[in-house]
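To keep things clear, I will list the structure first and then write my remarks on it.
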Amino acid sequence: MTELSFTVEGLPAPQGSKRAFNHRHTGRVVMIESAGDRLKVWRQTVTLKARSVAAQQAWEPPTAVWADLVFYLPRPKSHYRTGRYAGQLKPSAPVHHVTKPDGDKLTRATFDSLTDAGVIPDDSAIVGYTTHKQYADHHPTGARITIKETT
């Protein structure tokens with residue numbers, strides 16, 4: 001089985017909802033991404049890293065893949081103690097990342113980036129995947145992406 005695995009550093013951004021409106025001059029319906037610049041930066045970062053790693057390993061996009069994604073997200077400042085114990089987590093700080101962004105939206109943005117990079121032919125080539133969100137306590141923010149060819 002062929003595998004492509006790499007880490008992308010940066011701030012993972014969700015593929016948000018699209019917003020539709022009528023263009024005032026043409027009258028046509030225009031769709032824009034509501035996530036903004038953070039999404040653009042995240043997708044470009046993933047695309048460039050995926051292209052680079054795929055080129056180094058002479059990766060050929062398979063027809064069917066399994067994907068494993070682990071997103072490392074920053075903790076809010078409110079999870080940390082202050083004063084003498086600054087930098088230490090509060091006992092009440094949650095272990096699991098159960099707030100926004102949603103894992104499925106992070107996954108969607110990342111899959112679109114992998115398609116843009118030519119690592120996978122299309123999202124439809126992904127026959128299964130796992131997604132995990134966790135706090136970046138022992139890792140830089142970003143994602144660990146593994147793509148495995150399936151038969």
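The values are calculated or read from the model by the stated rules, or taken from the named source; none is laboratory data. Remember, predicted model here, so these are calculated numbers, not experimental data. Here the Cβ positions follow ideal geometry from the backbone for every residue, glycine too, while neighbour counts run over all protein chains shown.
For the residues Val65, Val70, the requirement of being modelled with pLDDT of 95 or more, under 19 Å from Pro140 (Cβ atoms) and of a type in the set (A, V, I, L, M) singles out Val70. Restricting attention to region 22-47, the residues that are in contact with a helix residue (DSSP H, G or I) (Cβ under 7 Å, 6 or more places away or on another chain) and either surrounded by fewer than 17 Cβ atoms within 10 Å (Cβ to Cβ) or not in a helix (DSSP H, G or I) (or both) total 1. Ala58 meets each of the listed conditions (1) surrounded by fewer than 18 Cβ atoms within 10 Å (Cβ to Cβ); (2) within 22 Å of the chain's Cα centre (by Cα); (3) of a type outside the set (Ser, Thr, Tyr) apart from (2).
Right, Leu114: hydrophobic (A, V, I, L, M, F, W, C), at pLDDT 95 or above and assigned to a loop (DSSP other than H, G, I, E, B) or not? Spelling it out, it is not the case that Leu114 is hydrophobic (A, V, I, L, M, F, W, C), at pLDDT 95 or above and assigned to a loop (DSSP other than H, G, I, E, B). Only one of the numbered conditions (1) more than 14 Å from Thr110 (Cβ to Cβ); (2) surrounded by 11 or more Cβ atoms within 10 Å (Cβ to Cβ); (3) touching a residue at least 12 places away in the same chain (Cβ under 8 Å); (4) not acidic (Asp, Glu) is violated by Gly16, and that is (1).
Scanning region 48-88 for residues that are under 20 Å from Thr2 (Cβ atoms), part of a helix (DSSP H, G or I) and touching a residue at least 12 places away in the same chain (Cβ under 8 Å) turns up Lys49, Ala50, Arg51, Val53, Ala54. Here the condition is being touching a residue at least 60 places away in the same chain (Cβ under 8 Å), more than 15 Å from Glu9 (Cα to Cα), in a loop (DSSP other than H, G, I, E, B) and not small (Gly, Ala, Ser); of Thr99, Thr151, it holds for Thr151 alone.
Looking at region 76-119 only, could you name the residues that are loosely packed, with under 15 Cβ neighbours inside 10 Å and either charged (D, E, K, R) or in contact with an Asp or Glu (Cβ under 6 Å, 6 or more places away or on another chain) (or both)? Lys77, Arg81, Arg84, Lys90, Lys100, Asp102, Asp104 - these are the residues of region 76-119 that are loosely packed, with under 15 Cβ neighbours inside 10 Å and either charged (D, E, K, R) or in contact with an Asp or Glu (Cβ under 6 Å, 6 or more places away or on another chain) (or both). Looking across region 33-55, the residues that are more than 16 Å from the chain's Cα centre (by Cα) and at pLDDT 95 or above come down to Ser52, Val53, Ala54, Ala55. From the list Thr141, Thr146, Thr130, the lone residue that is more than 16 Å from Leu39 (Cα to Cα) and surrounded by 14 or more Cβ atoms within 10 Å (Cβ to Cβ) is Thr146. Against the criterion of being touching a residue at least 40 places away in the same chain (Cβ under 8 Å) and surrounded by 13 or more Cβ atoms within 10 Å (Cβ to Cβ), Thr7 qualifies. Restricting attention to region 126-148, the residues that are farther than 19 Å from Trp42 by Cβ and either at pLDDT below 95 or within 15 Å of the chain's Cα centre (by Cα) (or both) total 3.
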